[in-house]
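Below is one structure; the comments refer to it alone.
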Amino acid sequence: MKELSHLDKEGKVRMVDVSEKSSSKREAVARGSVHMKPETIQLIMDNAIAKGDVISVAKIAGIMAAKKTSELVPLCHPLNVTTIVVEITVEEARSVVDVEATVKTFGQTGVEMEALTAVSVAALTIYDMCKAVDKEMFISDIMLMEKRGGKSGEFNRK
């Protein structure tokens, strides 16, 4: 097992020094789901949720969150993100809203945390906008699906 990079020789927390790492193209894809009642799915599809357009607001929330990841997660580096795409799919048959975020940068460290943060906040936004009509909703399966670039190479969840 690898050593934890966020600990110094005495085991104290530190931010990783990436100043000697070379910049490269990096990309990460994360996914998650919001499970809800069929009636709630229908309200979203009909754009009839009282707080507004759930899908559009959740996409914007995910994009904004990815840009603020280093302010939310203490040991993340602030990054110059080059693109953030948040895709939201309403799966009527499963009563699920799926969220996927793709984040890219050209830099010295990866964007996995930004992609995961985008998915998390988009899912929380869906929950917040629909909670008045569905107290049984739940968020699940937030995970990294793909990662490219950097020293550790490629990762693909199967």
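Points worth noting:
- Cross-chain or 6+ apart pairs with Cβ under 9 Å, region 15-35 first and free of Cβ contacts under 8 Å to residues at least 60 places away in the same chain, then surrounded by fewer than 13 Cβ atoms within 10 Å (Cβ to Cβ): none
- Candidate set from region 1-46 (those that are aliphatic (A, V, I, L, M) and at pLDDT below 95); member that is surrounded by the fewest Cβ atoms within 10 Å (Cβ to Cβ): M1
- Which listed residue, of V86, V97, is free of Cβ contacts under 8 Å to residues at least 40 places away in the same chain, crowded, with 18+ Cβ neighbours inside 10 Å and under 19 Å from D141 (Cβ atoms): V86
- Yes/no for A122 being modelled with pLDDT of 95 or more and crowded, with 20+ Cβ neighbours inside 10 Å: yes
Each row is one residue, and each column tells you yes or no for (1) within 14 Å of the chain's Cα centre (by Cα); (2) among the polar types (S, T, N, Q); (3) at pLDDT below 95; (4) under 17 Å from K67 (Cβ atoms).
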{"residue": "N80", "(1), (2), (3), (4)": "no, yes, yes, yes"}
{"residue": "I84", "(1), (2), (3), (4)": "yes, no, no, yes"}
{"residue": "T89", "(1), (2), (3), (4)": "no, yes, no, no"}
{"residue": "E92", "(1), (2), (3), (4)": "no, no, no, no"}
{"residue": "V96", "(1), (2), (3), (4)": "no, no, no, no"}
{"residue": "K104", "(1), (2), (3), (4)": "yes, no, no, yes"}
{"residue": "E112", "(1), (2), (3), (4)": "yes, no, no, yes"}
{"residue": "T117", "(1), (2), (3), (4)": "yes, yes, no, yes"}
{"residue": "I126", "(1), (2), (3), (4)": "yes, no, no, no"}
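The values are calculated or read from the model by the stated rules, or taken from the named source; none is laboratory data. Predicted, not measured: the structure shown is a model, and the values here were computed from it. Note that we place each Cβ from the backbone using ideal geometry, even for glycine, and neighbour counts take in every protein chain shown.
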